[in-house]
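A quick write-up on the structure given underneath.
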Amino acid sequence: APQGGRPTRSFTARWPAATMGFTWSARQKRWLATWGGQPDRAAEGGQLGGRTIVVQYAKTTRSRFHDFLGSYTPLIHTTGAGRAVVLRDGRAYQARWSRPTQDKGTTYTTPAGEPINFAPGQVWVVLLNDGKPYIP
């Protein structure tokens, strides 16, 4: 794991119509997922979760798609660069993300530019609005 980080028990991602949470389980050594305040479960009944959770903040705008009522689907722009938070081993690490073009992968670094290593195992990436106004 990177140096530093802040001890963190939980994180909640919020969208206009939904919430997703992650709570650190020291016993299971992973972040347990919730959806709408309830455990997020796999088909066989076990609670979903991952060893590393990446919260990536990105620009959100209106896409060209909409539902039958005319409500537009948000478009999250995953090219460019921005801030992120990496949850690993019960700690939160400030991070930066970068993806220069659509045909390249995303890299995650510390604020100083060093690569952030993820814990072995499953990684979840949660995309959130960067906090600036958007038109859904």
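Points worth noting:
- Sites residue 43 and residue 101, calculated FRET efficiency, Cβ-Cβ separation with R0 30 Å, nearest 0.05: 0.25
- Between segment 1-30 and segment 54-116, the alpha-carbon center distance in angstrom: 17 Å
- Accessible surface, segment 11-136, averaged per residue in Å² (probe 1.4 Å): 61 Å²
- Shape of segment 56-136, Cα gyration tensor, a/c cut at 1.5: prolate
- Burial order of peptide ranges 81-91, 4-14 (average beta-carbon count within 10 Å, highest first): 81-91, 4-14
- Within segment 66-109, the proportion of C-alpha pairs whose separation exceeds 11 Å stands at 71%.
- Fraction of accessible area attributable to carbon and sulfur, the chain (%, probe 1.4 Å): 53 percent
- For segment 11-24, 3J(HN,Hα) per residue [Karplus equation, 6.51 cos²θ - 1.76 cosθ + 1.60, θ = phi - 60°, Hz, x = Gly/Pro]: 8, 10, 8, 10, 10, x, 10, 7, 9, 9, x, 9, 10, 6
- The chain, relative contact order [Cα under 8 Å, separation at least 6], %: 26 percent
The values are calculated or read from the model by the stated rules, or taken from the named source; none is laboratory data. The structure presented is a predicted model; accordingly, all values stated were derived computationally and were not measured. Positions of Cβ are backbone-derived with ideal geometry, glycine not excepted, and every protein chain shown enters the neighbour counts. Ligands, DNA and RNA are excluded from the accessible area calculation, which covers all protein heavy atoms including side chains. Shrake-Rupley method; radii C 1.70, N 1.55, O 1.52, S 1.80 Å.
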